[in-house]
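For reference, the structure discussed in these notes is given below.
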Amino acid sequence: MTRTLALALTLVASPALADVPNALTTHLLPGFHAFSTASTALAASARQDCRAEAVQPAYQAAFDAWMAVGDLRIGPSEQGALSIAFWPDDRGFTGRTLSRMIAASDPAVNDPATFAEVSIAARGFFALDMLLYDPAFAYEPGSYPCTLVQAVAEDLAAQAEALETTWAGKFTEALTNPGAPDNALYLTEEEALRAVYTQLLAGLEMTADSRLGRPMGSFERPRPRLAEAWRSGRSLRNVVLSVEAAQALAHALADWDLPQTDAAVAQVHFAAGNIDDGSFQDVTDAVHRLHLEALQQAVRAVRAALEIEIGERLGIAPGFNSQDGD
Amino acid sequence: MTTLTRRLGLIALALGPAPALADTDPAAIIATYADIAAAGYADSLTTAQALQQAVAALIAQPSDETLAAARAAWIAARAPYQQTEVFRFGNPIVDDWEGMVNAWPLDEGLIDYVDASYGGPTDANELAALNVIATPQLTIAGIAVDASAITPALIANTLNEADGIETNVARGYHAIEFLLWGQDLNGTGPGAGNRPWTDYARGEACTNDNCDRRADYLQAATDLLVGDLDYMAAQWAPNGEARAAVQADPAAGLVAMLTGMGSLSYGEQAGERMRLGLMLNDPEEEHDCFSDNTHNSHYYDGLGVQNVYLGRYVRADGSVVEGPSLSALVAETDPALDAELRAKLDTTMAALGAIVTAAEGGFAYDMMLETGNARGEALIMGGVNGLIDQTRSIERVVTALGLDGIAFEGSDSLDNPSAVFQ
């Protein structure tokens, strides 16, 4: 006990042990590179054969790749993530915007620069989720929706490439040179560290509160249609991948062991194993809802473990995050 | 220990705030904060009472003039209220109550007639086109509801957030706004909602049917708003609960102040209200979408953040509430940081002011949201960037005052780590 305390005090005095550059080179930058590669493959797949069943495998692979870095909301991702993954969508903007574009045969699909200006509701993964999986949007090759799928995929690949470039360039500069004369973002190493640490916690909060909390709704009124990417059956997968991404980032950030975090993640896998419907559509059943609740608790325990094993150890509290507010 | 704890120790030793410390005494700073809140909610109440009278006049004698007067009273009531939004985050008493007053966005078809382009019920909200004003006998989530009399109780207990859906906003400023202006059907073109005064006319002159029920709704919603604001003004009065909560522990009070400033600036205003609407290019994604008063709402939200930092609020009648400020405390600890945050708050207010100037010149906020409108995007992003940038300095203040340790102590998982791993 005393030894643990003494060790803890020593570490509190040396916050530089947490390694933001290592997190960049071993987790974040490879993650953005893999996402860019997978998105380029998705665009190629759509170009070659736009039919939904032909595009779906590359879509799933690209979404998997996104999840490794998709919960970040700093630097280029602060705004960039919104047009890649516009969700939640309480007011049904995605369906409405896509329907409007299809009804008008909106020519924006013919020019990438114009398409990059359309509403984020018609861009990125959640536009594709609806176009590729919702029977209401079923289409034939050579139709307008076919061109729309190709345009969304092309635009996604371009966004992924831009994100990778900016993360690897300007933003790596900012994170790894805190206090440099031209660095207005981060004045000290602790600020850069706090920024990354805040993302870890915010991503897990989002998973617990939104990815799980929204479809769970209240006991009396569960909301299966509010699950993330339920059409493509990715709701559970995204929960697990988001937790694994946080775990990987935490290990890249810390050069010490994270036994509580790892145990909590194991518990997430266990709880996920009890869930039958990967798109959470069975949440209307009380027993299934209970399993979701257990998973939500397990995700919150990962967050709590990170607060102890990283935050408390370094003596840092999370900063404000983009999901504060309503 | 933290800087703040040391300071609190010194104050205790001095047996009460010594004159030399008064300007940077946390207890005095929090008193200013509570005074500004009390004055802000009191101003919100009196301007809402003026709105209540204007609404009564509209209903008694419907005309172009009485409708215009009610609209002007609504816009005047928004100015003090928006400056209180900074008290929302960080004060649970306010946050738990706020949804009754300023909930947004809303599916307005719940309340009254809408244009055909609005559509009907949606997957997310079966009641999106319920039209209570036209429907004395309702069915909500399978249960029959007698809405033959539109009363404050019906709105508060049955209609608001009906079926557990947040966008079923039946009360508060935006429900009233819809009843005064109607839908804005101009898209990203010029013009706000254009409800005719005859929507409140009696007998033959009544347009769009059910004028009497519409008037009942407007009156009831306005009465509810006044009651809600009366409640919150009392919470910040000398013996109020919200005041007592922030004064109980000066360090926690400072955390509440900074949490409100940062959360409103970043996640709520810059993110949810401004940038998201811009990226969706949807004219309905503006905060005051019926009246086209969004520029003012954003401006006064930003001003509220600045008020809290500078410890100064200009009341609706022009008088000033001021006292020891957070700014002075920061200046004592780190003068450069205080200068940095003051400058950033000024930059944000200039950017939000530019939006107001453009809107008053005819370039309304919904026009700025148009796809590919570079000038609109630059104006809105000027505000967004200012708000994000000031949040960074607010975080630095939290650290400089040693308050991040306090934020730690407030975390459940750290207070009781074993509870997490059952």
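Filtering region B:146-162 to residues that are surrounded by fewer than 17 Cβ atoms within 10 Å (Cβ to Cβ) and of a type in the set (Gly, Ala, Ser) leaves B:148, B:149, B:153. In this entry, residue B:329 is excluded by the filter for residues that are touching a Ser or Thr at 6+ places or on another chain (Cβ under 7 Å) and free of Cβ contacts under 8 Å to residues at least 40 places away in the same chain.
Considering region A:93-118, the residues that are open to solvent by 30 Å² or more (accessible area, probe 1.4 Å) and within 9 Å of chain B (Cβ to nearest Cβ) include one that is farthest from residue B:118 (Cα to Cα), namely A:114.
Residues that are within 17 Å of the chain's Cα centre (by Cα), open to solvent by 60 Å² or more (accessible area, probe 1.4 Å), closer than 21 Å to residue A:70 by Cα and not assigned by TED's automatic domain parsing to the domain that holds residue A:133 do occur in region A:233-251.
Here's the yes/no breakdown for (1) open to solvent by 10 Å² or more (accessible area, probe 1.4 Å); (2) modelled with pLDDT of 95 or more:
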residue	(1), (2)
A:67	no, yes
A:82	yes, yes
A:85	yes, yes
A:88	yes, no
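Of the helices (runs of 4 or more DSSP H) contained entirely in region A:16-89, those carrying at least 3 residues that are within 14 Å of chain B (Cβ to nearest Cβ) and under 16 Å from residue A:159 (Cβ atoms) fall at A:76-80. Scanning for something buried (at least 21 other Cβ atoms within 10 Å of the Cβ) and closer than 20 Å to residue B:132 by Cβ, does region B:196-212 turn up at least one residue? Yes, because at least one residue in region B:196-212 is buried (at least 21 other Cβ atoms within 10 Å of the Cβ) and closer than 20 Å to residue B:132 by Cβ.
Of all residues in region B:109-132, those satisfying the criterion of being free of Cβ contacts under 8 Å to residues at least 12 places away in the same chain and under 22 Å from residue B:194 (Cβ atoms) are B:116, B:119. Inspect region B:172-180 for any residue being open to solvent by 10 Å² or more (accessible area, probe 1.4 Å), outside any helix (DSSP H, G or I) and farther than 13 Å from residue B:112 by Cα and give the result as yes or no. Looking through region B:172-180, none of the residues is open to solvent by 10 Å² or more (accessible area, probe 1.4 Å), outside any helix (DSSP H, G or I) and farther than 13 Å from residue B:112 by Cα. The listed residues are B:165, B:143, and the only one of them that is open to solvent by 50 Å² or more (accessible area, probe 1.4 Å) and within 14 Å of another protein chain (Cβ to nearest Cβ) turns out to be B:143.
Checking each residue in region B:233-265 for being of a type in the set (S, T, N, Q), within 14 Å of chain A (Cβ to nearest Cβ) and open to solvent by 20 Å² or more (accessible area, probe 1.4 Å) picks out only B:259. Within this structure, residue B:204 passes the test of being outside any loop (DSSP other than H, G, I, E, B), over 27 Å from the mean Cα position of the chain (by Cα) and more than 30 Å from residue A:224 (Cβ to Cβ). Residue pairs whose Cβ atoms lie under 9 Å apart, separated by 6 or more positions or on different chains, with the first residue in region A:42-59 and at negative phi and the second among the hydroxyl-bearing types (Ser, Thr, Tyr) and at pLDDT below 95, do not occur.
Looking at the structure I just gave you, is residue B:371 within 20 Å of residue B:267 (Cβ to Cβ) and within 14 Å of chain A (Cβ to nearest Cβ)? Here the answer is no, as residue B:371 does not meet what is asked.
Checked against (1) away from chain A (no Cβ under 14 Å); (2) assigned to a loop (DSSP other than H, G, I, E, B), residue B:158 passes all but condition (2).
Might you let me know whether region A:314-324 holds any residue that is more than 12 Å from every other protein chain (Cβ to nearest Cβ) and over 20 Å from residue B:403 (Cα atoms)? No, region A:314-324 has no match at all. Within region B:72-99, the set of residues being surrounded by fewer than 21 Cβ atoms within 10 Å (Cβ to Cβ) and either basic (Lys, Arg) or within 29 Å of residue B:131 (Cα to Cα) (or both) comprises B:72, B:75, B:76, B:95, B:96, B:97, B:98, B:99. Within region B:116-140, the set of residues being away from chain A (no Cβ under 14 Å) and open to solvent by 20 Å² or more (accessible area, probe 1.4 Å) comprises B:116, B:130, B:131, B:134, B:135, B:136, B:137, B:139.
The residues of region B:217-242 that are within 17 Å of the chain's Cα centre (by Cα) and of a type in the set (D, E, K, R), listed by number, are B:228, B:230. Taking the criterion of being under 19 Å from the mean Cα position of the chain (by Cα), surrounded by fewer than 24 Cβ atoms within 10 Å (Cβ to Cβ) and within 12 Å of another protein chain (Cβ to nearest Cβ), the residues of region A:268-300 that qualify are A:298, A:300. Apart from one condition, residue A:109 fits all of (1) part of a helix (DSSP H, G or I); (2) at pLDDT below 95; (3) more than 20 Å from the chain's Cα centre (by Cα); the exception is (2). Residues considered: A:29, A:17, A:9. Of these, the only one that is open to solvent by 10 Å² or more (accessible area, probe 1.4 Å), modelled with pLDDT of 95 or more and of a type in the set (A, V, I, L, M, F, W, C) is A:29.
When A:325, A:311, A:319 are checked against the criterion of being in a helix (DSSP H, G or I), open to solvent by less than 50 Å² (accessible area, probe 1.4 Å) and at pLDDT below 95, A:311 stands alone in meeting it. Counting only helices (runs of 4 or more DSSP H) that sit completely within region B:266-377, those holding 2 or more residues that are over 21 Å from the mean Cα position of the chain (by Cα) and buried (at least 19 other Cβ atoms within 10 Å of the Cβ) correspond to B:276-280, B:326-333, B:335-360, B:365-368.
The values are calculated or read from the model by the stated rules, or taken from the named source; none is laboratory data. Just so it is clear, the model here is predicted, and its values are computed rather than measured. Using ideal geometry, Cβ is built from the backbone for each residue, glycine included, and neighbour counts are taken over all protein chains shown. In case anyone asks, the SASA skips ligands and DNA or RNA and just uses the protein heavy atoms, side chains included. Shrake-Rupley method; radii C 1.70, N 1.55, O 1.52, S 1.80 Å.
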